[in-house]
Amino acid sequence: MDYKGELENFVDDLRNTHGSNLVSIILYGSAATGDYHKNISDYNLLVVLNSIAPEDLKQAYAATREWRKLGQPTPVYLTLLEIEQSTDIFPIEFHSMKKAYVVLFGDDVLNNLQLSDENLRHQIEYELRSKLMRLRKNYMHSYGSARQVAELMIKSISSFVTLFNAALILRKCNTPVKKREIVEMASKEFNINKEPFLKILRLREEGLSDHNDETEIDRLFTEYMLEIERFIQDIDTFLSNPK
């Protein structure tokens, strides 16, 4: 299903809902990069208001409910001041937004954001370890079902590609916008094998069959986790001596 018409309607609903309090509506992520895949990717939206009170969220309920019924995520709501004061807490997210976005309404609030390498370094270290721990935990819950293990890899791959991109930014690379290209560049810059990640991206794009080979899926997960651990070791070395 093509959601472009629904997206335009949703933007109109948000404009009518928030009126003069609305600063900007921004589309970011795969739908803004040309890396969108039907039934997998989402339309990620940032809604910026001058101020956010419970009443503003109540007023947005009807519009966002209809949007969620289409299988799309609830927009991220921030005030303009919160954006300016959150770059030290969420540098990866803001880097990802700034890399490819489309202003659907209002001001371009991302263009002049200043992002610190030091803050980015700290978040990369935290996110890598926390996501690896979560991956291990979820694997224990999924083991024995090839389909569930495959779904775990498909659901987690975007997060790790985002971290590859953040690490490449620290290395001052001119990062691409598509996931495959990010993996290709990361494999050259860091000591990792790109193949497990590319295989998972293919699974993500092509979809799962009803006859997934359990041995093959388990082998792929083993390679996937091994390369993530190798990436963490390599990035640790780099972060300890970035020059």
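Place +1 on the Cβ of every Lys and Arg and -1 on the Cβ of every Asp and Glu in the chain, take the dipole about the Cα centre, and give the residue among Asn50, Asn119, Ala31 whose Cα lies farthest towards its positive end.
Asn119
Explain nothing, just compute: Karplus ³J(HN,Hα) = 6.51 cos²θ - 1.76 cosθ + 1.60, θ = phi - 60°, for every residue of segment 100-113 in order, whole Hz, x for Gly and Pro.
Going residue by residue, I get 7, 8, 10, 7, 8, 7, x, 7, 8, 7, 9, 4, 9, 5 Hz, with x marking Gly and Pro.
Taking amide hydrogens as modeled 1.01 Å from N in the peptide plane, which residues meet the under 5 Å criterion relative to Ala100, leaving out close sequence neighbours?
The answer is Gly29.
Three principal axis extents, largest first, for the C-alpha atoms of segment 9-142, in Å?
Taking max minus min along each principal axis of the Cα atoms, segment 9-142 gives 44, 36, 32 Å.
So, by mean Cβ neighbours within 10 angstrom, what's the order for 55-63, 87-95 with the highest one leading?
Per-residue Cβ counts within 10 Å, averaged per peptide and sorted highest first, yield 87-95, 55-63.
Output the pairs from Lys137/Lys194; Lys98/Lys172; Lys58/Lys98; Lys69/Lys155 with a Cα-Cα distance over 26 Å in this structure; if there are none, say none.
Lys58/Lys98
Please quote Rg/Rh for segment 117-240 to two decimal places, taking the Kirkwood radius as Rh and restricting both calculations to Cα atoms.
Computed over Cα atoms, the ratio is 0.97.
On a 0 to 90 degree scale, rounded to 10, what angle separates helix 4-18 from the longest Cα axis of the chain?
The angle comes out at about 50 degrees.
Please list, in order along segment 188-204, the HN-Hα scalar couplings obtained from phi with the Karplus expression 6.51 cos²θ - 1.76 cosθ + 1.60 (θ = phi - 60°), rounded to whole Hz, x for Gly and Pro.
Running phi through 6.51 cos²θ - 1.76 cosθ + 1.60 with θ = phi - 60° gives 7, 7, 10, 7, 9, 8, 6, 4, x, 5, 5, 5, 5, 4, 5, 4, 4 Hz.
Would you list which aspartates and glutamates come within 19 Å of Lys4, measuring only between C-alpha atoms, while excluding same-chain residues fewer than 8 positions from it?
Straight-line reach from Lys4, under 19 Å: Asp12, Asp13, Asp35, Asp42, Glu66.
If the viscosity is 1.002 mPa s and the temperature 20 °C, what translational diffusion coefficient in µm²/s does Stokes-Einstein give for segment 78-124 when Rh comes from Kirkwood over Cα pairs?
Stokes-Einstein gives a translational diffusion coefficient of 191 µm²/s.
Relative to the compact globular guide of 2.2 N^0.38 Å, what is the alpha carbon radius of gyration of segment 63-142, as a ratio?
The value comes to 1.39.
Hey, could you pull the Cα Rg and Dmax for the chain, both in Å?
For the chain, the Cα radius of gyration and maximum Cα-Cα distance read 19.3, 57 Å.
Where a number appears in this text, it was derived from the coordinates with a stated rule and is not lab data. Because the structure is predicted, anything quoted here is derived from the model rather than measured. Cβ atoms come from the backbone with ideal geometry, glycine included; neighbour counts cover every protein chain shown.
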